[in-house]
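The values are calculated or read from the model by the stated rules, or taken from the named source; none is laboratory data. Fair warning: this is a prediction, and the values are worked out from it, not measured in the lab. Backbone-built Cβ (ideal geometry, glycine too); neighbour counts: all protein chains shown. Note: accessible area is taken over every heavy atom of the protein model, side chains too, but ligands, DNA and RNA are not part of it. Shrake-Rupley method; radii C 1.70, N 1.55, O 1.52, S 1.80 Å.
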Amino acid sequence: MIKSTIKSFVNRLFNSPASDTKKTKARVYHQEQHGIDRRLVSRNAIKVCEVLNQKGFQAFIVGGAVRDLILGLEPKDFDVATNATPEAVRACFRRARIIGRRFQLVHVVFGPEIIETSTFRANSNGQNKTDEHGRILNDNVFGTQEEDAARRDFTLNALYYDPLTEQVIDYHNGLSDLRKHLVRIIGDPETRYREDPVRMLRAVRFAAKLNGTIEPHTKEPIKQLAELISNVPDSRLFDETLKLMTCGNALACLKQLREEGLHEGTLPLLDVVLKQPGGQKFVELTLDRTDHRVRLGKSVSPSFLYAALLWRLVDVYWKRNIAQKEPPMQALIHAADQVLEDQVHKLAIQRRHTTDMREIWFMQPRFERPVPRQIWKMTEQPRFRAACDFLQLRAASGEFDSVQAQWWMDLADTDAAGKTQMIEELAQKQKGMPATSANTARKRRKRRSPARKKAALPQQDIS
Ligand code: ATP
Ligand code: MG
C-alpha cells in the first residue's frame, strides 16, 4: 500500500499536467471513421483549443459534445479538457475566470457562450477522500489525459476530439459502444457507483436519451446500490432528476428508474401518484408533453413539471379535505401543503419552484367557475400562462372540459383588446344575453362612468 502510494506520488511528480501523455492504449480515429462534421462544432470551442495549442498545451473537446457530434446531434454545450493548469488557461484568454474552490475549472467567455475548460484530472486510485460508503469527497488531483479518461463515467463519454487534427482519441473503446448505443461504465461498476451514486442515474439517462441499453455488468449492481442515492446532496439530486425528466425520452427514463428502484430517491412520491385514479395517464401525458417541448428545443420549467407530476395526489387530498368539510380553496391550500411537505422533505425542490407550483395549482379552481370581473387580474399573474398550459393537460386527461380549456388558452394568447372582447362576451353569455361585437362593447364601456368602469373590469386601463 505504502509502496504503491509512493509510486503514484513519484509518477505524479514527473507527470505534471503540462507533460506529455502516454497514448499507448488509445485508439485514434480519423474524420472518415468517426464522421464528425466540423461545421457543427462551436467556433469558440475550436478557438480555445487553438489558443492553448499555440501556447504549447494539449486541448480537446470532451464529454457529451463529442458523443452528440458523433451521433449527429447538436450538442447542448462544449467542454474542453487540457493539460494546462487553470492558472495557465486563464492567462491565455482575455475573458476567462477560474471557478470552483475544490475542483477548479476555467470559464472562457465568448458573449453568451461559455466554454468550460478543465485540467486533466487523475483517477482516484483509492487515494481520494471518501465517505463511509465510498463516495468521493474531493476530486481535484491533476493527471494525464489517460488518467482523465479513466475517471470519466461511461466509455461513450470519454472520447476526446481534437478539432485541429480532426482526430478522436478513445482509451476505452467508447466509439464502438456509442455506435451500439451501449452505456458501459469505465472500471469496476460497484466501486464507481459507490464513488458517485449519481452515475447510476446517469446510466439510465444516457440509455434513454440514446434509445439504447445499459451494458449488463454496468446494470447488474444498480438495484442493490440504489439506496446510496440518499447520500447525494439534495441540490445535485434535484438537478440530475430534472435532467432525467428533460432528456427527451422521459417515459423510458421513468420506467427504467422504477425497474432499478432508483425512483425512491429521486421522485419519492411517484409510486403513490401512479396509484391514484388517473395517475398513470396524467404522468404519461406530462412526460409526453415534456419530451415534445425538448425535441422542439423549447425550455421546460421545473415548477410546471413538478406541479404536473404531483397533481393527481394534490387533487385526491383536495377532494378528501373538502369531504371533511373544509372550504374548497382552503382545502386545496391544505392539500398542496400536505403533498409538498412529503416531497420536499425527501427531495430539495427550491422554494422559488414550490411557490410557482402553488400558484399553478391554486389557479385551477378559478378556471372552473370564471368570474368575468376577476379574469383580468388572473391574466396578470406571472404564472397565468403556465396555469393555462396546465389546464390543457387536465383537459387531455379528461378531467376538464376541453372547449373551456381552449377558451382559456386563447385568452392567454391574445392581446389586450382580444382579452377585453373575450371577457365581455363571456360576461354577456353568463347574463344570458347574446354576445355583442367588440365595437359595441367598447362603445358601451366608453359611455360608463369611470367609477363603474373600474368596478366592471378593474384592469381595463391596460392599453
Ligand atoms: P449532457 O450535458 O448531455 O447532460 P454530458 O455527458 O456532457 O451530458 P455533463 O454532466 O455535462 O454530461 O458532464 C461532462 C462530462 O464529464 C461527461 O461526459 C463525463 O465525461 C464527465 N462526467 C460528468 N459527470 C460525471 C460523473 N458523475 N462521474 C464521472 N464523470 C463524469
Ligand atoms: Mg455536458
Options E240, E264, E284; residue that is part of a helix (DSSP H, G or I), open to solvent by less than 20 Å² (accessible area, probe 1.4 Å) and charged (D, E, K, R): E240
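Could you grab me the full set of residues in region 77-118 that are within 12 Å of ligand 1 (Cβ to nearest atom), aromatic (F, W, Y) and open to solvent by 30 Å² or more (accessible area, probe 1.4 Å)? Working first, answer last.
Within region 77-118, the subset within 12 Å of ligand 1 (Cβ to nearest atom) is 77-81, 103, 105, 116, 118.
Of the ones still in play, those that are also aromatic (F, W, Y) are 78, 103.
Listed by number, the list holds a single entry, F103.
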V204 vs. criteria surrounded by 21 or more Cβ atoms within 10 Å (Cβ to Cβ), among the β-branched types (V, I, T) and assigned to a helix (DSSP H, G or I): yes
The lone exception for R43 - which of (1) at pLDDT below 95; (2) away from ligand 2 (no atom under 16 Å from the Cβ); (3) under 26 Å from L210 (Cα atoms) it fails: (1)
Those residues of region 154-168 which are of a type outside the set (G, A, S) and buried (at least 23 other Cβ atoms within 10 Å of the Cβ), in sequence order: F154, T155, L156, L159, Y160, Y161, P163, V168
Residue match in region 188-198 (condition: in contact (Cβ under 8 Å) with a residue 40 or more places away in the chain, in contact with a helix residue (DSSP H, G or I) (Cβ under 6 Å, 6 or more places away or on another chain) and not assigned by TED's automatic domain parsing to the domain that holds G64): yes
Selection count, region 312-328, where residues are crowded, with 19+ Cβ neighbours inside 10 Å and either of a type in the set (V, I, T) or touching a strand residue (DSSP E or B) at 6+ places or on another chain (Cβ under 6 Å) (or both): 2
Residue in region 21-38 that is surrounded by fewer than 15 Cβ atoms within 10 Å (Cβ to Cβ), at negative phi and small (G, A, S) present: no
Some residue of region 59-76 being over 23 Å from the mean Cα position of the chain (by Cα) and either within 16 Å of ligand 2 (Cβ to nearest atom) or open to solvent by 10 Å² or more (accessible area, probe 1.4 Å) (or both): yes
Hits in region 362-385 (condition: open to solvent by 20 Å² or more (accessible area, probe 1.4 Å), under 22 Å from Y306 (Cβ atoms) and in a helix (DSSP H, G or I)): F362, R366, R385
Failed item in (1) in contact with a Ser or Thr (Cβ under 8 Å, 6 or more places away or on another chain); (2) modelled with pLDDT of 95 or more; (3) within 30 Å of I349 (Cα to Cα), with L182 passing the rest: (3)
